[in-house]
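The values are calculated or read from the model by the stated rules, or taken from the named source; none is laboratory data. This one's a predicted model, so the numbers in the text were calculated from it and none came from an experiment. We place every Cβ from the backbone using ideal geometry, glycine too, and count neighbours over all the protein chains shown. Heads up: the accessible areas ignore ligands, DNA and RNA and are worked out on the full protein's heavy atoms, side chains in. Shrake-Rupley method; radii C 1.70, N 1.55, O 1.52, S 1.80 Å.
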Amino acid sequence: MKNSKMVFFKILFIPLLLALAMKGSGINLEDLQSFFFHNFETITLLSFPLLFLLTIYISARPKPVYLVDFSCYLPPSHLKVSVKTLMGHARRVREAGMCWKNEENDHLIEFQQKILERSGLGQETCIPEGLQCFPLQQDMAASRKETEEVIFGALDNLFRNTGVKASDIGILVVNSSTFNPTPSLTSMIVKKYKLRDNIKSLNLGGMGCSAGVIAIDVAKGLLQVHRKTYAIVVSTENITQNLYLGKNKSMLVTNCLFRVGGAAVLLSNRSRDRVRAKYELVHTVRIHTGSDDRSFECATQEEDEDGIIGVTLTKNLPMVAARTLRINIATLGPLVLPMKEKLAFFVTFVKKKYFKPDLKNYTPDFKLAFEHFCIHAGGRALIDELEKNLELSPLHVEASRMTLHRFGNTSSSSIWYELAYTEAKGRMKEGDRVWQIALGSGFKCNSSVWVALRNIKPSVNNPWEDCMDRYPVEIDI
């Protein structure tokens, strides 16, 4: 017992005593050594509460979530369509299947043509095989084929690049808004890659273009509970089943914007993965304004007057999006902005509320909080509005504009194509902060904040590697 006391004393207390003695504190080393030695049991008992509290703190604090790598699906070249080819095919389909007058049919084609010309989409966006053939193939088999090619293509590349075994995956979260077959998409992945029996899998549906951030947030929560494991997040959308062939103009807009795409993300809560991880997740902020009727109804999947299913976009959409975005920004701002910006915002708020009601709202400078912005490539108007309201430079929204031009609106996966663009340009440096922001039906606005853990090079088979030398391109306004 005496020897064990001496070992304990030497390990824990002698370094402290020597440090104090070296500082000339006047403490007698022999007296302190004698005190600790003869009161060993008392000191040990008094230490237990401190050790207990320390243990609780360590176990209760949030575990870091690392983004090891991610992969975006690159569609094969035969799926690329120019605007001219797309409109020619659309005209042929309508002339063969529509029962209304040719004049009305021509008017609908012209309407879509104008939207495409102003959309910001380029000449190499991709649509699935089922929509390129004649007659169209929109059955379950064609839809499942599109989704399998996208998801498996992204996952195959992710597994190759990371070397992670399928048996190491403990959590799987998949989001697809409108295509949710039975068995589920998560079951499809489990079967393909032979994932383990006790995997925690979730399939998120009906959440629109902002569902990618929701899936990240869900995975983050599960990684706080299940220790030392990997989580895979897959974000995609199905185009085959969602082509609208009616005559309601508010439902035709989605035909012009949405294209094939998807992404797979590998997350980890293992401390040893920090060395090879690209990013660490800092914050997620989710805002849902669905309790308001206008928010709930501004983007709705429903039947038109002829019984044809499509997604209706109402005139309230811009107003709802702006309001939901403001709430998200107000929630995120205190978490990321420097003190100077917080103070300026508070002072303006007080002045406006109590002294000058007409005073213009203060817009915080988020460029002080982030080096990179990944704004959901939902359309040129959305990117324009956020660039204006957040007072961003063209460089800050370049990734979003180029993603929209090259890949179109790939729904919830667009923010990953944008991050891949930034990496491919060699702009991501250690310590850089990234803001991913997406808006979607419901209505929702969700944000995720990442910090780069090193100078990041693009992963193998980055979706931009075959065309990076051509970007950025000039986009006609």
Cβ pairs under 6 Å, 6+ apart, first in the range 420-437 and in contact (Cβ under 8 Å) with a residue 24 or more places away in the chain, second acidic (Asp, Glu): 432/371; 433/371
Qualifying residue in the range 257-273 (condition: open to solvent by 20 Å² or more (accessible area, probe 1.4 Å), at positive phi and over 19 Å from the mean Cα position of the chain (by Cα)): no
Residues (under 18 Å from residue 459 (Cα atoms) and among the β-branched types (Val, Ile, Thr)) located in the range 261-294: 265, 275
Looking at the range 223-237, which of its residues are open to solvent by less than 20 Å² (accessible area, probe 1.4 Å) and either in contact with an Asp or Glu (Cβ under 6 Å, 6 or more places away or on another chain) or at pLDDT below 95 (or both)? 230
Conditions first: (1) assigned to a helix (DSSP H, G or I); (2) at pLDDT 90 or above; (3) open to solvent by 20 Å² or more (accessible area, probe 1.4 Å). Residue 95 passes all but one, so which condition is the exception? (2)
Tally the residues that are among the β-branched types (Val, Ile, Thr), over 18 Å from residue 335 (Cα atoms) and in contact (Cβ under 8 Å) with a residue 12 or more places away in the chain, restricting the search to the range 438-477. 4
Can you name every residue in the range 112-131 that is among the charged types (D, E, K, R), over 13 Å from residue 253 (Cβ atoms) and not in a loop (DSSP other than H, G, I, E, B)? 117, 129
So, residue 220, is that one at pLDDT 95 or above, surrounded by fewer than 18 Cβ atoms within 10 Å (Cβ to Cβ), among the charged types (D, E, K, R) and over 16 Å from residue 147 (Cβ atoms) or not? no
Please enumerate the residues belonging to the range 132-173 that are of a type in the set (Lys, Arg) and either part of a helix (DSSP H, G or I) or open to solvent by less than 10 Å² (accessible area, probe 1.4 Å) (or both). 144, 145, 160
Restricting to the range 403-426, name every residue that is polar (S, T, N, Q), touching a strand residue (DSSP E or B) at 6+ places or on another chain (Cβ under 8 Å) and under 18 Å from residue 76 (Cα atoms). 409, 410, 413, 414
Whether any residue in the range 199-217 is over 20 Å from the mean Cα position of the chain (by Cα) and not in a strand (DSSP E or B) is what I want to check. yes
Mind telling me which of the residues 399, 369, 381 ends up being under 30 Å from residue 128 (Cβ atoms) and surrounded by 16 or more Cβ atoms within 10 Å (Cβ to Cβ)? 399
The one condition in (1) exposed (fewer than 14 other Cβ atoms within 10 Å of the Cβ); (2) at pLDDT below 95 that residue 241 fails to fulfil: (1)
Of the residues 124, 117, which single one is open to solvent by 70 Å² or more (accessible area, probe 1.4 Å) and more than 30 Å from residue 267 (Cβ to Cβ)? 117
If you check every pair at least six apart or on different chains, which have Cβ atoms under 6 Å apart with a residue in the range 291-314 that is within 21 Å of residue 256 (Cα to Cα) first and a residue that is open to solvent by 50 Å² or more (accessible area, probe 1.4 Å) and in a loop (DSSP other than H, G, I, E, B) second? 298/316
Give just the number: which of (1) within 30 Å of residue 297 (Cα to Cα); (2) free of Cβ contacts under 8 Å to residues at least 40 places away in the same chain does residue 208 not satisfy? (2)
Looking at the range 385-396, which of the residues that are part of a helix (DSSP H, G or I) and open to solvent by 60 Å² or more (accessible area, probe 1.4 Å) is farthest from residue 471 (Cα to Cα)? 389
Residues that are under 18 Å from residue 233 (Cα atoms) and open to solvent by less than 50 Å² (accessible area, probe 1.4 Å), drawn from the range 284-315: 284, 285
Any residue in the range 347-372 that's charged (D, E, K, R) and modelled with pLDDT of 85 or more: show its pairings with residues that are outside any loop (DSSP other than H, G, I, E, B) and open to solvent by less than 60 Å² (accessible area, probe 1.4 Å) at Cβ separation under 9 Å, as long as the two are six or more apart or on different chains. 365/341; 365/344; 367/373; 371/434; 371/452
Give the number of residues within the range 316-337 that are open to solvent by 50 Å² or more (accessible area, probe 1.4 Å), β-branched (Val, Ile, Thr) and touching a residue at least 60 places away in the same chain (Cβ under 8 Å). 1
If you scan the range 174-198, which residues turn out to be open to solvent by 20 Å² or more (accessible area, probe 1.4 Å), in contact (Cβ under 8 Å) with a residue 40 or more places away in the chain and not in a helix (DSSP H, G or I)? 177, 178
